[in-house]
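> Starting off with a structure, shown below.
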Amino acid sequence: MPPALPIVKLVGAACVLALGILLAEGDLLRPVLGGLAAAFLAGWAARDLIAPVRLAVDADGITVPAGWLGRRHLPWTTVETIRVNRRPGRGLAGPALEIDTDDSLHLLSRLDLNAEPAEVADALLAAQPPGTAPPDTAPPDTPSPPDTAPPDTA
């Protein structure tokens, strides 16, 4: 993640709090809402400063974020797909790294990775030990088998 992003979040928190106080006009609700929004932004910035590494890889598998500060280790045998998702309309500003496992899907943006998702996908695929891909997964360039059903004569 770019080092300036947590600072931008902290400045945004200060601005939201200041707006809540300045626009209060004797109303207690506006400063309270500004304070809650500022606390959320400050917590988000603190998370980025405390746990900046979002993805790690080793011989046993991939470690991905789980929640705000947690981590989850995915063994290579559970990783079904590693690819770059470029479909628009999902609230993502650009391409995202998609890691699909038996029971979960992990999407990481360029800001999460501090690198281009395509480069990270290539590095993950290169780090994956041979023989750990699921047996039912065909390589991307493998054509599907032809349909061998007899033609319908009705």
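The values are calculated or read from the model by the stated rules, or taken from the named source; none is laboratory data. Predicted model, so just to flag it, every value in this text is computed and none were measured. Glycine gets a Cβ as well: all are built from the backbone with ideal geometry, and neighbour counts include every protein chain shown. Accessible surface is based on the protein model in full, side chains and every heavy atom, while ligands, DNA and RNA are left aside. Shrake-Rupley method; radii C 1.70, N 1.55, O 1.52, S 1.80 Å.
> What residues qualify as long-range amide H neighbours of Arg72, i.e. H under 5 Å apart, gap of 5 or more or another chain, H built at 1.01 Å from N?
Counting only residues 5 or more places away or on other chains, the set is Val64, Ala66.
> From the phi angles alone, apply the Karplus equation (6.51, -1.76, 1.60; θ = phi - 60°) to the range 42-47 and give each ³J(HN,Hα) in whole Hz, x where the residue is Gly or Pro.
5, x, 5, 5, 5, 4
> Contact order normalised by length for the range 1-86, with contacts defined as Cα pairs under 8 Å and 6 or more residues apart; what percent is it?
Numbers: 83 pairs, mean separation 18.3, N = 86.
It rounds to 21 percent for the range 1-86.
> So what J values fall out for the range 16-30 if you push phi through Karplus, 6.51 cos²θ - 1.76 cosθ + 1.60 with θ = phi - 60°, rounded to Hz, Gly and Pro as x?
5, 5, 4, 5, x, 6, 5, 8, 5, 6, x, 8, 7, 5, 4
> If you count, for each residue, the other Cβ atoms within 10 Å and average over each peptide, how do 20-27, 100-107, 32-39 line up from highest to lowest?
Numbers: 20-27: 11.2, 100-107: 13.9, 32-39: 15.8.
Descending mean neighbour count gives 32-39, 100-107, 20-27.
> Which value, in Å², gives the accessible area per residue of the range 1-88 when a 1.4 Å probe is used on the protein heavy atoms? The partial results should precede the final answer.
Values: 5360 Å² over 88 residues.
Per-residue accessible area for the range 1-88 comes out at 61 Å².
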